[in-house]
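Only one structure is covered here, and it is reproduced in the block below.
The values are calculated or read from the model by the stated rules, or taken from the named source; none is laboratory data. The model shown is predicted, which means the values in this text are computed figures rather than measured ones. Neighbour counts are summed over all protein chains in view; Cβ atoms, including those assigned to glycine, are modelled from backbone coordinates with ideal geometry.
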Amino acid sequence: MAYTKELVKEAIDKQVIVGNGHAILAPEHYRGFDVRHLIFKHKSDYRSGKSTIYTDGIAVDELEGVYNLDFLHDLCDQLDLDRQNFIGRGFQAQECARKLEEWANSGD
């Protein structure tokens with residue numbers, strides 16, 4: 001699916017595209033984007049707070065949705081946007097969001 005700069009810019013303005021590398025969001029959050037291939041059931045691993053899924057501050061066993069970092073990587077790949085590799089989910093997500101915003105606001 002080909003996405004336009006206008007769609008991406010609007011999604012950034014409406015905080016559909018956010019630089020969050022930790023969130024699992026409902027597919028409905030990504031209005032205007034085809035995320036069907038990114039919907040998975042995510043399971044908590046209670047051995048670490050980083051691998052445990054929380055909803056409203058309460059740990060849950062599993063959650064079906066779209067892992068936002070997967071969405072950001074997928075969108076950047078579809079738009080053929082080069083990005084720097086970072087260690088850490090948050091830094092990766094911020095880099096993707098920055099590249100998407102840069103692309104959406106470019107004049108070409």
Residue identified as surrounded by fewer than 18 Cβ atoms within 10 Å (Cβ to Cβ), out of contact with any Gly (no Cβ under 9 Å at 6 or more places or on another chain), of a type outside the set (A, V, I, L, M) and touching a residue at least 24 places away in the same chain (Cβ under 8 Å) among 84, 78: 78
Residue 43 vs. criteria crowded, with 16+ Cβ neighbours inside 10 Å, at pLDDT 95 or above and charged (D, E, K, R): no
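Taking only the range 1-53 into account, find how many residues are farther than 20 Å from residue 80 by Cβ, of a type in the set (Ser, Thr, Tyr) and touching a Leu at 6+ places or on another chain (Cβ under 9 Å).
To start, the set of residues in the range 1-53 that are farther than 20 Å from residue 80 by Cβ comprises 10, 13-16, 18, 20-29, 31, 36, 39-53.
Filter once more, so that each one left must be of a type in the set (Ser, Thr, Tyr): 44, 46, 48, 51-52.
Next cut, touching a Leu at 6+ places or on another chain (Cβ under 9 Å) only: 44.
Final tally of qualifying residues: 1.
Assess whether residue 63 counts as being under 23 Å from residue 95 (Cα atoms) and surrounded by 14 or more Cβ atoms within 10 Å (Cβ to Cβ).
no
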